[in-house]
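Here is the structure we will look at.
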Amino acid sequence: MPIADSLANVGLSHYLVLSAILFTFGLLGVLLRRNVIVILMSIELMLNAVNISFVAFSRYSPNGNMDGQAMVFFVMTIAAAEAAVGLALATTIFKKFREVNIRYFEHLKG
Amino acid sequence: MLSLIVFLPLLAALIVAVLPKDSWVRPTAFVLAALQFLFSLALLAQYDPSTPALQLTEYRPWIEELGISYFLGIDGISLWLVLLTTFLLPVVIGGSWTAIDKRSKLFHASLFVLQTAMLGSFVAMDLVLFYVFFELSLVPMYFIVGIWGGARRIYATMKFFIYTMLGSLLMLLAIIYLMFTAQEVLPSHQMTANILELYKLDIPFIAGQFLNPQTLLFFAFSAAFAIKVPMFPVHTWLPDAHVEAPTPGSVVLAGVMLKMGSYGFLRFVIPLFPEAAEHYAWVFLFLGVVGILYGALVAMVQPDIKKLVAYSSVSHMGYVMMGLFALNTYGVTGSIYQMLNHGVSTGALFLLVGMIYERTHSREIDKYGGLAKVMPIYTILFFIVTLSSIAVPMTNGFIGEFLILLGSFQASKFFGIWAVVGVVLGAVYMLWMFKRVFFGEAGELVKDEHHPLRDLGKREIAVMAPLIVLIFWMGLLPNHFLKYSKVSIEHLVETKDAYQLAALDAEGRTVVFETPAKPILKPLDSVTTRVAGVEAK
Amino acid sequence: MNEKILFAVLLLAPVVGFLFNGFRWKSKNYMIAGSVATGAAGISFLSALLLVSKLFGEGAPKSVSAGFFDWILVGGLQVGASFVIDHISALMVLVVTGVGTLIHLFSVGYMSHDERPSKYFAYLNLFLFNMLLLILGDNLLLMFVGWEGVGLSSYLLIGFWFSDKEKAAAGMKAFVTNRIGDAGFLLGIFTLFFLLGTVNFSEIIAKVAGMSVETGWTGPLTLAGLFLFVGAAGKSAQIPLYVWLPDAMAGPTPVSALIHAATMVTAGVYMIVRLSPMFVLAPNALLIVAIVGAATAVMAATIGLAQFDIKKVLAYSTVSQLGFMFLACGVGAFGAAMFHLITHAFFKALMFLGSGSVIHAMHEEQDIRKMGGLKKYLPITHATFFVGWIAIIGIPPFAGFFSKDEILWFAFSSPLGGFPLWFAGVVGAACTAFYMTRLMALTFWAKPRFDEKHTHPHEAGPSMAIPLIILAVLSAVGGFMGIPHVIGEILPGHPGNWLEHWLEGSIAKPEGFGHGSKVMEWALMGISVSVASLSALTAYNFYVVDPERPAKFVASLPKLHNLIYNKYFVDEIYFAKIINPIVGGSRALWAFVDVNFIDRGTFIVGDFVKGIGSTARTLQNGNLQQYAMYIAIAVAAIFLYLLEAPKRLLEIFGG
């Protein structure tokens, strides 16, 4: 089977499946990993999974709706802000405990 | 007028809170409280004692969909309680001049907020509004005991809060039920929490069967008020709260807050649920008698003066409850009078106990003795207040107690006789305490010759003076006070089965309540109730 | 003068005295304090005289009255501050203000060395005011005000030297015991009020006039009578509430004379006499009154036989004499009760003041074993005490003879009386004669048993002598106001029984009262006088002629003496059987009901709720990843629901 053919056969569902797989990896990373940095990366992964869905939906919409593409920019902006805040917290925790394990966030309870 | 009286203390709280210097707080608070009292005296001039109607009413719809309104009014039942509240505040502030030494801004602001809440619950004529004020009063009290209290203050505040809250929640349920019932059966088919409209309800009652609307509502309301009063056996929060509370807290708690409970019985429970009240009156007569005797006996063996006074409150409030549920003119009049007496004399007792505590930092009876030699003025004042507390004639206590006993005797010979036994026990525990504290040889706290105890100073005498004057004034000329309540009480006692109140505004015109515009909730199907004999669908 | 003004002066003079001395309570100037207080009492006495004089003469009113202000007006209870002097209260008010003034005067001398004379006189005036309220109030409620008020003043005066724990305790005992009586009084008021709809004396009397005699025990009038008698027993120290009176002797002696002998303790008798029209309708209540009175008369007199404290002897004597008065009331001889009340006020006040004079002279010594031979040191006291002595043991023609004899005669002849009551009275009288003679002998006669070198007893000044002399004269001649008819007939001029005439119409008589043969009356009179004389002679023989004999006699009856000497152990029994169980029970109530039952019960409920809470709390432990897991699971669940997963799965797998 020529590569062009198989590329032509790639449809919406492929993108969605990819997105779902990435999202699940991200989710598992968030739930299971103890390192804050890794958790932040996993969150990024989840966001990007969503972005893929957005772009895919936009590309395959029958009337060429660009909302999905626009939304991706919002998501990326928010993700950047979130990463900044998250990393700041992680840095603070690291400064205090010399480690960035998620359980140190319990100390925020006061 | 009433709104001003209710909300001026809030303004005072704000003023006190923003004062730049701590040393200004007490004088300012005292002056504001005194002005507030003088202002409230204008009520006496405006009040017309010849009619039982609610007077000086103010009515504004508040949450129209639910028929909740901002509705204030005053009649002979609440008039004196309002004045008692405004009267006690300057006395309390004067009495705690040196007792409260930390965060006095917050303290006095709390006192003023508390006053608003108490005044509000005495003049609110809308159940929801009443509930709001009733609950609001818990918050400042919580702080007063919790911040300025004694060693076990957290335990005491929690106990106090949880007990009262528990009762109030039952009452809230009952209020909601009543509001739905009103929508079901009142001709306007509107929800309402207006107490005058609710009086018109004729809630079904089946004697001898517990699960019927009136009985359940009756006990739900009673639970809230009985805890507040407090009646035996839900009284145990009171001694703890009193012992841990700072002096001004105790005075306000005993002087006014307990009356919110007994007032609730008079304003809501008896007129709203007359058949149940009559049918179950024996329960309250019984608990009242038990409270009188039990409070007196337990007071007798307390090692702590303040706890003794606290248990004596249980005993005195037992008299109040007996009088109310005697359901006759003597009993109810006596009860209302006893509420005032108790406010004056127990308030005075707590102030006096506070004064000696400031000097010795101990309230243990066994450590005193021979105080009469060292502090003669204090002794005289304490003795006068003791007389009032044990209801010696020519003091206020006698009038109230006599009328209550007379009323209870009429209602039930058996309970009446037992209540009279309480009169003897009252003398026993007060005089025994008096003997141990003031007479005999000097006790370990009294005999220190290098630092003899100071007798009362001018400020302390000035604080006690109005209370002492009231004790005799109310004892010798009770009519000056009772004439304002007479018509209201007679109206309540005579027509309690079909109790109605008219409402007059400040100019003396009869108020007609407009029906709220938009009912949003469907009537409940399950409630079948009648209004004035007409079956509802 | 206007009656209202006179009433106001009569009542307010002691109040002014009280306030005057009360506000300068620190002052040690006993002269100022004493003169103001005595003056106030004197003014009261004068206004009382003026008021009573209006009752004399042709066409005089039966009573004078004045109303001042409304007091309690609630429902049917309409009580005003209104006062009345009628033929009964006239006697009482004169006795109280008259004897009261004399005792105030006596106190000026007696309290001259005290630290707080102003306070003392303030209390004394306060007492006088309350006593006047009790006497003059025209309704039961006002009487009750005075009733509690005198109890209060008595409390203050008994505990006047409060640094002494025992004295303070005596004050409290008096107040509490009185309170028990007061509770009964209150119930009596309630019963009468709900029966008749009024508490006013004249209205009560008018309303019971139409009622018939009650026979059973549970009729309202009988109940009211019994309740009121509980009040009277408390105030007038009758069995079982008499225990406070002997202890009340802890107060200054003039107080014992005024309050605990002459005036306050007779209030119970006065109340029953006032309500005599009601009491005659309740013969069963009267029967109880008579039995209690007779029993008290005998019991207290026997205790008096073995006491060594001069004031205790007089105290038990008072209890016993009060028993006589109740005996009189109980057999329906209300006039005789009133008569004995008056004469007793004279001679008992006299004897108490005399004992005060002795105690004052002996530097606060009260034990008669340490006295003796005081006759030569205290001639005035001895002479006046002597008059009191023959008056109380009932030797004619002194006051006590007439009044006591009248009681004994009616106890025998009244339809409500009978031989047992009369016999009890005679036994009481015999004991009285014995212990009074013993008291005279041990105190004034025989040889001195104190150290004559160091103690030099001497008479105090005139302020103490004058009252003694006046009271001695009254004790001597006071009986002539009630000369019985059998004696009046043989006397020159045939004096009538003035007192009986005066009280005619004011007090009620039971049916068939006042009949009996003259021979019988003479015979009984002879018996009682000879028994009393014999008993007095025996005592004289015991304590003066042969001072060794009492000890031997006592040794022959050790158990009986022990019983009597310890006052039948009544106080001990009260403590063991009533007071201690109540206190112990209260401790148990507090510990078990409050702390262990109610509080623990609420804690159990609280712990249950807390348990649920802490179980739920583990879900919210602050572990972020766990929270995220909840979110993920919830989202997954919502998706599954929205996709109708169960249905689809069923479709796929179920076919």
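Quick notes
- Taking amide hydrogens as placed 1.01 Å from N in the peptide plane, the amide H of B:ILE63 sits under 5 Å from those of B:ILE68, B:SER69, each at least 5 positions away in sequence or on another chain.
- Shielding value for B:369-375 is 2, the average number of Cβ atoms from other chains within 10 Å of each residue's Cβ.
- Cα pair distances exceeding 18 angstrom across region C:1-138, given as percent: 55
- Counting only alpha carbon atoms, the long axis of helix C:30-53 and the longest principal axis of chain C meet at about 80°.
- Centre-to-centre, using Cα atoms only, region A:40-98 and region C:281-351 are separated by 107 Å.
- Principal axis dimensions, largest first and in whole angstrom, of region C:569-614 by Cα: 62, 8, 6
- Here each label is just a point 7 Å from Cα along the line to Cβ, and for A:TYR60 and C:ASN541 those points are 14.0 nm apart.
- In region C:172-565, a dipole from Cβ-located charges (positive for Lys and Arg, negative for Asp and Glu) runs towards its positive end, and of C:GLY372, C:GLN238, C:HIS260 it is C:GLY372 whose Cα lies farthest in that direction.
- C:LYS610/B:ILE176 FRET efficiency (R0 30 Å; Cβ-Cβ; nearest 0.05): 0.60
- Rounded to the nearest 20 debye, dipole of the protein assembly as shown from Cβ charges on Lys, Arg, Asp, Glu: 2860
- Across every direction, the projection of the convex hull enclosing the Cα atoms of region C:378-417 has a mean area of 2.8 nm².
- For the pair B:LEU10 and B:PHE210 in one chain, pulling the backbone fully straight at 0.36 nm per residue adds 67.7 nm over the alpha carbon distance.
- Taking other residues whose beta carbon is less than 11 angstrom from the beta carbon of C:PRO283, and scoring Lys, Arg as +1 and Asp, Glu as -1, yields -2.
- Note on C:MET31 and A:SER13: their simple-model spin labels are 12.8 nm apart, each label 7 Å out from Cα toward Cβ.
- In this label model, B:TRP473 and B:GLN46 are separated by 2.1 nm, measuring between points 7 Å along each Cα→Cβ vector.
- Were the residues from B:TRP282 through B:LYS102 laid out at 0.36 nm apart, the gain over their Cα-Cα distance would be 60.1 nm.
- Cα-based Rg of region C:231-325 normalised by 2.2 N^0.38 Å, two decimals: 1.08
- At q = 0.06, 0.07, 0.10 Å⁻¹ the log10 of I(q)/I(0) for chain C amounts to -0.38, -0.48, -0.91, computed by Debye summation with a single uniform scatterer per C-alpha, solvent ignored.
- Unit Cα scatterers, Debye sum, chain B: log10 I(q)/I(0) for q = 0.06, 0.07, 0.12 Å⁻¹: -0.27, -0.37, -1.10
- The slack between C:ILE527 and C:PHE23, meaning 0.36 nm per residue of separation minus the straight C-alpha distance, is 175.8 nm.
- Cα Rg, Dmax, the protein assembly as shown, angstrom units: 40.3, 166
- Across the options C:LEU640, B:PHE221, B:ILE100, the greatest Cα extent toward the positive end of the charge dipole of the protein assembly as shown (unit charges at beta carbon of Lys, Arg, Asp, Glu) belongs to B:ILE100.
- Per-residue mean of foreign Cβ neighbours for C:185-195 is 4 (Cβ atoms of other chains, 10 Å radius).
- Here the peptides C:107-119, A:49-61 are ranked by packing, the mean other Cβ count within 10 Å, and the order with the highest first is C:107-119, A:49-61.
- Solvent-free Debye scattering, log10 I(q)/I(0), computed from the Cα coordinates of region C:584-655 at q = 0.15, 0.20 Å⁻¹: -0.75, -0.89
- Alpha-carbon radius of gyration plus Dmax, which is the widest Cα pair, for region C:101-150 in Å: 13.2, 41
- Loop-located GluC sites (Glu not before Pro) in region B:397-450 (DSSP state not H, G, I, E or B) with no more than 11 neighbouring Cβ atoms inside 10 Å: B:GLU449.
- Cα-based helix-to-principal-axis angle, C:3-23 vs chain C, degrees rounded to 10: 70
- Cα long-axis angle, helix A:12-32 against chain A (0 to 90 degrees, to the nearest 10): 10
- Compactness index (Cα Rg / 2.2 N^0.38 Å), region B:256-411: 1.12
- Descending by average beta-carbon neighbour count within 10 Å, the peptides B:91-98, C:346-353, C:533-540 line up as C:346-353, B:91-98, C:533-540, the highest first.
- FRET efficiency for A:ARG98 and C:MET629, using Cβ-Cβ distance with R0 set to 30 Å, rounded to 0.05: 0.65
- For region C:416-512, the equivalent ellipsoid derived from the alpha-carbon gyration tensor has semi-axes of 39, 22, 13 Å in decreasing order.
- Dipole orientation for the protein assembly as shown: of the candidates C:ALA433, C:GLY332, B:GLY369, B:GLY369 has the Cα lying most toward the positive pole (charges on Cβ; Lys, Arg +1; Asp, Glu -1).
- A simple packing score, the average count of other Cβ atoms within 10 Å per residue, orders the peptides C:411-420, C:488-497 as C:411-420, C:488-497, with the highest score first.
- Value at 222 nm in deg cm²/dmol, rounded to 500, when DSSP H runs of n ≥ 4 in chain B each add -39,500 (n - 2.57): -21000 deg cm²/dmol
- When the listed pairs C:LYS119/C:LYS375; C:LYS26/C:LYS165; C:LYS173/C:LYS311; C:LYS62/C:LYS235 are checked against a 26 Å cut-off, the alpha-carbon distance exceeds it for C:LYS119/C:LYS375; C:LYS62/C:LYS235.
- Global dimensions of region A:3-109 from alpha-carbon coordinates: Rg and Dmax equal 17.6, 57 Å.
- Among the residues of B:472-480, the average count of other protein chain beta-carbon atoms within 10 Å of the residue beta-carbon is 2.
Coordinate-derived values only; no laboratory data. The model shown is predicted, which means the values in this text are computed figures rather than measured ones. Note that we place each Cβ from the backbone using ideal geometry, even for glycine, and neighbour counts take in every protein chain shown.
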